[in-house]
Amino acid sequence: MGFRLISPKISQKIMKGVFWASGILTIIILVVIIGYILFKGLPVVNLEFLLSNPVDLGRAGGIFPMIISSMYVTLISGLVAAPLGVGAAVYLTEYSSEGHVVKLIRFGAETLASIPSIVFGLFGLSFFVIFLGLGWSVLSGGLVLALMALPTIFKVAEVSIEAVPKSYREGSLALGSTKWQTVYRVVLPAASPGITTGVILGMARSISEAAAILFAVGAALSVPISIFDPGRPLPLHLFIMATEGISLENAYGTAAVLVMIVLIITVVTNTMVERYQKKMMGR
Amino acid sequence: MNNRLEEYLIEKGLFITAISSILIILLIITFIFIEGFPAIESYGVLNFVFGSTWAPLKGEFGVLTMIVGTLGITFLALALAVPLSLLCAIFMAEIAPSSMRRILKPVIETLAAIPSVVYGFFGLIVLVPLMREQFGGTGFSMLTASVILMVMILPTIISVSEDALRSIPYEYKEASLALGATQWQTIKNVIFPAAIPGVITGIILGMGRAIGETLAVIMVAGNVTQFPSSVLDPVRALTSNIAIEMGYATGMHYNALFGTAIVLFFMIIFLLVLANYFHYKKKVVIGGGYL
């Protein structure tokens with residue numbers, strides 16, 4: 001073993017300290033970022049800020065149209081991506097056996113998940129806005145975001161469906177149900193908390209994305225009424241406010257609202273997963 | 001009979017949803033290439049990729065400064081993020097008591113969930129002034145962008161590495177401890193080496209996120225199309241180039257921005273192939289645990 005400068009016992013103690021420090025540092029990083037944004041932003045946020053229109057390009061007034069725009073694009077992305085993602089997950093877990101097609105489908109989802117958001121942005125511009133003629137609208141934005149949410153929903157739905165015990169399916173099939181009846185009445189209801197979590201996580205990705213919709217939603221400051229109206233979701237609003245130096249105060253407020261949304265989503269999904277695990281694994 | 005037809009149609013319908021992601025990718029590739037190819041073709045592939053002058057008004061479309069910018073920011077961010085992520089992953093997998101783990105897990109999820117514009121905004125109002133005071137200059141630099149990106153890729157590397165460390169069979173650890181090794185010796189000589197493929201996958205995924213990040217980088221990197229001579233110089237990333245200029249680009253300039261996306265696309269494909277080579281499949285981590 002040769003000559004040792006530091007005895008194993010001492011190096012064990014030192015390293016243990018280093019590991020603890022790294023864990024605590026990670027927590028500090030989060031607390032500093034979130035704390036700073038909330039400390040500066042929360043005083044700006046009140047009911048009037050949330051429910052009034054921006055005045056003078058956003059120098060004053062609130063973020064009501066941005067909240068509506070965010071809701072529009074997020075809901076559209078969820079409505080489009082959830083059936084596709086869950087359908088794909090059902091096909092892969094219930095209808096197919098491992099083979100080339102399945103491998104290709106998995107690789108497809110993986111690739112989709114790693115395409116940079118700005119490339120989605122260009123695609124949204126050239127395909128939805130120009131080629132399909134949907135124009136700068138919350139619909140174009142929502143559709144682009146659906147493509148980004150798809151792999152998340154697919155992945156989480158797939159694991160949730162896989163986690164449903166085989167005996168559920170066997171019981172149903174033994175009673176004479178067809179495959180689809182089994183999937184629709186037994187497997188999907190049992191997996192629904194996991195699937196719901198997946199859809200929420202996919203929509204969470206949509207609500208916080210700005211680069212992908214940069215060239216798809218327009219940047220209108222008015223409330224979008226129909227899905228063909230342009231809008232300006234919250235992250236895009238924050239980006240414009242910050243980079244064009246319009247109003248630091250309203251940028252803080254918008255950032256605080258986004259952080260609050262993220263915190264709520266994290267708490268909700270955590271609770272749901274805990275319940276689901278208890279139900280499926282009996283612990 | 002009717003039932004069988006229904007079953008058949010449903011299976012076909014589900015198959016279509018299953019291949020939707022492949023169709024979408026093909027569609028994306030088609031549209032990006034149709035729009036981007038004319039610029040690369042007319043300016044020449046080599047001139048486009050290795051040209052160091054980006055002057056759209058003069059018809060010069062060399063993206064090399066931005067390739068250097070993207071890679072510079074990415075590798076610097078990795079250099080900052082990898083040590084902390086690995087220490088933190090080992091801490092979570094091997095050392096932390098369960099109370100500490102219950103705090104760290106949601107912390108890392110939240111770090112992953114914070115919108116990138118919020119990170120960029122934090123960088124702009126806190127980090128840029130800090131850098132300006134510390135190092136002079138404008139504060140907008142490759143280093144500033146890397147620090148922000150470091151925080152953004154931490155959760156990716158930590159969660160994949162932690163998962164890899166956890167999947168090491170318990171017997172490995174017991175055997176090492178039974179031989180009288182300390183916990184640190186066991187981690188250093190047994191657990192960590194066994195988890196390396198997973199750790200590398202985590203680093204590659206983090207790298208992908210860093211290369212693809214757009215708005216947070218725009219907000220702090222300075223966006224100058226020059227080769228940086230130090231980490232304190234401003235740089236422009238490939239992604240930023242698209243986002244900054246797309247708003248007013250017309251003609252060949254418009255196509256050249258899609259060409260930039262093609263370069264970006266090849267970088268990501270290269271990383272994906274690399275990740276598949278290490279062939280580590282991550283379990284899905286959501287909420288409080290693994291599913």
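Values quoted throughout were computed directly from the atomic coordinates according to the rules given, and no laboratory measurement underlies them. Remember, it's a predicted structure, so these values are computed and weren't measured experimentally. Virtual Cβ from ideal backbone geometry, glycine too; neighbours counted across all protein chains shown.
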Comparing B:SER229, B:SER21, B:SER141 in a Gaussian network model of chain B (Cα, 10 Å), the one with the largest mean-square fluctuation is B:SER21
Rg/Rh of chain A (Cα atoms, Kirkwood Rh), to two decimals, equals 1.08
Of B:ALA210, B:ALA18, B:ALA112, which is the most mobile in a GNM of chain B whose springs link Cα atoms less than 10 angstrom apart? B:ALA18
Among the complete DSSP H segments of chain B, which ones combine at least 15 Å of alpha-carbon extent along their axis with a mean Kyte-Doolittle hydropathy of 0.0 or more? B:20-43, B:64-90, B:98-113, B:142-166, B:192-212, B:251-278
Treat every Asp and Glu Cβ in chain B as -1 and every Lys and Arg Cβ as +1, leave all other atoms uncharged, and give the resulting dipole magnitude about the Cα centre to the nearest 20 debye. 480 debye
Under a GNM of chain B (C-alpha, springs under 10 Å), which listed residue has the highest mean-square fluctuation: B:ILE125, B:ILE244, B:ILE67? B:ILE125
Go through A:ALA89, A:ALA21, B:ILE67 and say which Cα lies farthest out towards the positive end of the charge dipole of the protein assembly as shown; charges sit on Cβ, +1 for Lys and Arg, -1 for Asp and Glu. A:ALA21
Considering the dipole of the protein assembly as shown built from charges on the beta carbon (Lys and Arg +1, Asp and Glu -1) around the Cα centre, which of B:PHE37, A:VAL119, A:LEU221 is farthest to its positive end? A:VAL119
Using distinct alpha-carbon pairs, which all enter the 1/r mean, Kirkwood radius of segment B:21-290 in Å: 20.3 Å
Sum up the charges of everything whose Cβ sits under 14 Å from the Cβ of A:MET15, counting Lys and Arg as +1 and Asp and Glu as -1, but leave A:MET15 out. +3
Is there a quick way to get the dipole size of chain A? I mean about its Cα centre, with the Cβ of Lys and Arg at +1 and of Asp and Glu at -1; what is the value in debye to the nearest 20? 1260 debye
Hey, got the dipole for the protein assembly as shown? About the Cα centre, +1 on K and R Cβ, -1 on D and E Cβ, debye to the nearest 20? 1680 debye
Once the dipole of segment A:47-281 is set up with Lys and Arg at +1 and Asp and Glu at -1 on Cβ about the Cα centre, which of A:VAL138, A:LEU188, A:GLY253 lies farthest towards its positive end? A:LEU188
In chain A, helical segments from DSSP H whose Cα atoms cover 30 Å or more along their own axis and that average at least 0.0 on the Kyte-Doolittle scale are A:8-41, A:64-90, A:138-162, A:248-281
Test of understanding: express the Cα radius of gyration of segment A:205-244 as a ratio to 2.2 N^0.38 Å, with N the residue count. 1.11
Counting sequence-distant residues (5 or more places) and residues on other chains, those with an amide H built under 5 Å from that of B:PHE61 are B:ALA55
Can you pull the mean other chain C-beta count within 10 Å for peptide B:52-59? 0
Listing B:HIS253, A:HIS237 from the residue with the fewest other Cβ atoms within 10 Å to the one with the most, what is the order? B:HIS253, A:HIS237
So what does the Cα-only Debye profile of segment B:144-291 read at q = 0.19 Å⁻¹, as log10 I(q)/I(0), no solvent term? -1.14
Please report, to two decimal places, log10 I(q)/I(0) for segment B:137-219 at q = 0.13 Å⁻¹ as given by the Debye formula with identical point scatterers on the Cα atoms and no solvent. -0.55
After finding the eigenvalues of the alpha carbon gyration tensor for the protein assembly as shown, what semi-axes result from the square roots of 5 times each, listed largest first in whole Å? 36, 33, 25
